[in-house]
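The values are calculated or read from the model by the stated rules, or taken from the named source; none is laboratory data. From a predicted model like this one, the values you see are computed outputs, not experimental measurements. Note that each Cβ is placed from the backbone with ideal geometry, even for glycine, and that neighbours are counted across all protein chains shown. The accessibility values were calculated without ligands, DNA or RNA, using every heavy atom of the protein model including side chains. Shrake-Rupley method; radii C 1.70, N 1.55, O 1.52, S 1.80 Å.
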Amino acid sequence: MTTLDHDALVAEITAWRRDLHAHPEFGFEETRTSAFVAAKLREFGLDEVVEGVGGTGIVGTLKRGNGNRAIALRADMDALRIPEQGEASYRSRNPGVMHACGHDGHTAMLLGAAKLLAADAGFDGTVRFIFQPAEEWGRGALAMLDDGLMERFPFEEIYGLHNAPGLAIGRFQTRPGAIMSAEDNFEIVLTGIGGHAARPHSGNETLVAACALVTSLQTIVSRRLSPSDIAVVSVTELITDGTRNALPGQARILGDARSFAPEVSAEIERQMRTIAEGIARAYNLQHAVTYTREFVPLVNDAALTDEALAVARETLGPDKVSVVSAPFTGSEDFARFLDHVPGCFAFLGNGDSAPLHNPRYDFDDAGLIPGMHFHAGIVRRRLPTA
């Protein structure tokens with residue numbers, strides 16, 4: 001066992017994070033990022049490093065002692081198609097793509113934990129370090145699972161972290177049970193007959209009907225679901241084929257819905273289809289509804305959440321740890337792993353930064369060390385030495 005120089009490790013992890021930030025890659029395109037991660041894990045002396053899991057995913061395995069239990073730690077690696085507006089020296093060098101959600105920080109802190117655990121050990125068993133592609137569009141976890149993740153690299157429980165703008169650096173939050181929502185995507189297409197803006201009666205345009213439909217969709221949550229059900233229906237795009245002096249013959253309405261229970265998701269879809277059909281009939285239009293389920297609800301295991309909270313209190317300080325009273329309506333495909341094993345997903349403060357998915361967002365490097373110590377701490381608590 002080798003004891004690492006803490007200051008040197010801090011500088012190294014910060015350099016990794018900034019390098020990753022400067023070279024962002026979109027989901028399933030993380031070739032440079034994956035190569036960087038794999039090279040570091042091999043440099044640390046892990047027992048096994050497997051590339052190409054689920055496309056561009058990496059699984060590193062570290063074994064110590066004779067314990068037969070295995071746990072997993074997961075970080076996401078992908079960036080977003082957003083042009084960066086930040087001015088840091090390490091800003092994105094890949095035009096139109098940036099780490100606007102902090103996955104560069106998640107990757108760097110997990111690499112730090114891997115280096116720390118490989119050098120200092122302090123556990124008995126097996127750790128799987130999972131570096132996942134394509135979280136942002138909800139396909140990376142499924143891709144790794146479909147590629148035999150559980151069969152090839154078995155583990156009994158899993159943990160993950162996400163940075164949280166607005167929460168002070170070093171503060172830790174989670175909750176047992178549902179903590180993040182499902183995300184469903186929808187597209188409704190209304191089709192009629194476009195025409196001249198001066199002669200609306202000569203065609204059968206779609207824009208007025210689309211506006212009525214957008215308004216009516218807001219009644220799903222306010223009037224058609226139980227007040228005790230947490231749900232959101234958001235229309236995010238209204239696209240037509242019209243122009244300034246031409247009424248559109250087609251209108252597309254796109255958006256997403258968030259919920260925490262399958263039956264609520266099913267009811268949202270049912271009501272959406274009913275409303276779309278009614279509006280189309282009222283305006284004498286054709287309609288088509290496409291409704292897909294992209295993310296499932298993220299539900300933390302109660303016992304392992306207690307364990308995660310205990311580790312956070314030990315490593316970060318009891319005054320920096322809290323249990324949130326209500327779930328968040330954001331979504332995370334970490335939930336797909338929890339369909340197979342129990343685990344806990346938690347939030348770590350990113351201070352007074354720009355919001356996630358904002359072109360001026362940046363991960364605060366001060367959050368790297370708290371994240372690294374939490375990851376290492378959960379391993380040592382869940383895989384204790386004799």
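Below, the figures for the structure above:
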item	result
Every residue from the range 223-243 that is of a type outside the set (A, V, I, L, M) and either in contact with a helix residue (DSSP H, G or I) (Cβ under 8 Å, 6 or more places away or on another chain) or closer than 19 Å to Q271 by Cα (or both)	R223, R224, S226, P227, S228, D229, S234, T236, T240, G242
Conditions (1) under 13 Å from A108 (Cα atoms); (2) open to solvent by less than 60 Å² (accessible area, probe 1.4 Å); (3) in contact (Cβ under 8 Å) with a residue 40 or more places away in the chain; (4) not acidic (D, E): number failed by H23	(1)
Helices (runs of 4 or more DSSP H) (entirely within the range 38-152) containing at least 2 residues that are over 19 Å from the mean Cα position of the chain (by Cα)	103-120, 149-152
All positions within the range 290-339 that are surrounded by 20 or more Cβ atoms within 10 Å (Cβ to Cβ), among the hydrophobic types (A, V, I, L, M, F, W, C) and part of a loop (DSSP other than H, G, I, E, B)	V296, F334
Hey, G351 in a loop (DSSP other than H, G, I, E, B), at pLDDT below 95 and not aromatic (F, W, Y) or not	no
Counted residues, the range 295-344 - those being without any contact (Cβ under 8 Å) to a residue 60 or more places away in the chain and within 21 Å of P133 (Cα to Cα)	1
Test result for A346, open to solvent by 10 Å² or more (accessible area, probe 1.4 Å) and modelled with pLDDT of 95 or more	no
Hits in the range 155-166 (condition: part of a loop (DSSP other than H, G, I, E, B) and either surrounded by fewer than 21 Cβ atoms within 10 Å (Cβ to Cβ) or touching a helix residue (DSSP H, G or I) at 6+ places or on another chain (Cβ under 6 Å) (or both))	E156, P165, G166
E29 vs. criteria open to solvent by 70 Å² or more (accessible area, probe 1.4 Å), closer than 21 Å to G140 by Cβ, of a type outside the set (G, A, S) and in a loop (DSSP other than H, G, I, E, B)	yes
Subset of the range 204-258 (residues that are in a strand (DSSP E or B) and open to solvent by 60 Å² or more (accessible area, probe 1.4 Å))	T236, E237, L238, I239, T243, Q250, R252
Residue among D124, D147, D120 that alone is open to solvent by 10 Å² or more (accessible area, probe 1.4 Å), of a type in the set (D, E) and under 17 Å from I369 (Cα atoms)	D120
Every residue from the range 202-225 that is at pLDDT 95 or above and of a type in the set (G, A, S)	A209, A210, A212, S216, S222
